[in-house]
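The values are calculated or read from the model by the stated rules, or taken from the named source; none is laboratory data. Everything quoted here is computed from the prediction, not taken from an experiment. Here the Cβ positions follow ideal geometry from the backbone for every residue, glycine too, while neighbour counts run over all protein chains shown. Calculation scope for accessible area: heavy atoms of the full protein, side chains included, ligands and nucleic acids excluded. Shrake-Rupley method; radii C 1.70, N 1.55, O 1.52, S 1.80 Å.
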Amino acid sequence: MYGLIYLIKNNKLIKNVEELNDKIFYLKLNADAYRYVAECTTLNKRDLNAERCEKIYKIIIMKYRENTG
């Protein structure tokens, strides 16, 4: 489980993805991983992981808007 979260959080899986839907899928996985970690950590780390999660969700929205016109 932790190995998968490591791969997701460190963008190891997304590097070889070219299709937009696939990139969005992996970005969402990445954001969700930070959200799950934020739910299980102390206040300082929770805030940091929540910020990372929010940043990734904003990237997803931006990429979707760029490619849907």
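If you check every pair at least six apart or on different chains, which have Cβ atoms under 7 Å apart with a residue in region 35-57 that is within 19 Å of PHE25 (Cα to Cα) first and a residue that is open to solvent by 80 Å² or more (accessible area, probe 1.4 Å) and part of a helix (DSSP H, G or I) second?
Once the first residue is within 19 Å of PHE25 (Cα to Cα) and sits in region 35-57, its partners that are open to solvent by 80 Å² or more (accessible area, probe 1.4 Å) and part of a helix (DSSP H, G or I) give CYS53/ARG35.
Quick one: count up the residues across region 24-49 that are open to solvent by 50 Å² or more (accessible area, probe 1.4 Å) and out of contact with any Leu (no Cβ under 6 Å at 6 or more places or on another chain).
Total satisfying the criteria: 14.
Which helices (runs of 4 or more DSSP H) sit wholly inside the chain and have at least 1 residues that are touching a Lys or Arg at 6+ places or on another chain (Cβ under 8 Å) and at pLDDT 80 or above?
Passing ranges, in order: 20-39, 43-68.
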